[in-house]
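Structure first, commentary second.
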Amino acid sequence: MGRQMKSGSRRAAVSAAFLAALAAPMAAHAEMTTATAGPFTYVCGGVAQDEQQQLRSEASRYDMGLLFTKGSNGEYLADVNVKLMRNGKQVAEFMSDGPRCLIKGPRASYQVVATYEGAAKRTTLGPGQKNVQLRW
């Protein structure tokens, strides 16, 4: 009877570990959700390998993309405040959850003001530009 208990406990532990391993990528995907800001739909993430893969698979559904990095080694940044401007007026604002943001919206050229720890960077972003990098 003791032997069956040990075997059953071991199977339960292996099953629990297996289920936890399956759930981990799902939890990471659950955190990377599509959101809206003004007329734009966006998704940000890309720190973890599974998030990078998810962004690559979704990239064709988005017109534009930004990448936020820091320093000469290109360390990934999150928590970047992003403002999209058109003709001097702000049309959207959001906070990035990761270093890469894919953006879909009205086809036009936009001025981007991205702020990280009080330091602002500016660039122009338009349809087809999916890898515009801002480095602090």
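Please treat every number below as a calculation from the coordinates, not as lab data. Only a predicted model underlies this, so the values are computations on that prediction, with no experimental measurement involved. Every residue, glycine as well, gets a Cβ built from its backbone with ideal geometry; the counts of neighbours run over all protein chains shown.
Below is a table of values for the structure above.
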| quantity | calculated |
| --- | --- |
| Set of lysines with alpha-carbon distance to residue 130 below 29 Å, sequence-local pairs under 8 removed | 70, 83, 89, 104, 121 |
| Distance in nm between pseudo-label sites at residue 61 and residue 78 (7 Å out along the Cβ direction from Cα) | 2.1 nm |
| Charge tally in the Cβ shell below 11 Å around residue 100, where Lys, Arg are +1 and Asp, Glu are -1, residue 100 excluded | -1 |
| Sites residue 47 and residue 89, calculated FRET efficiency, Cβ-Cβ separation with R0 35 Å, nearest 0.05 | 0.65 |
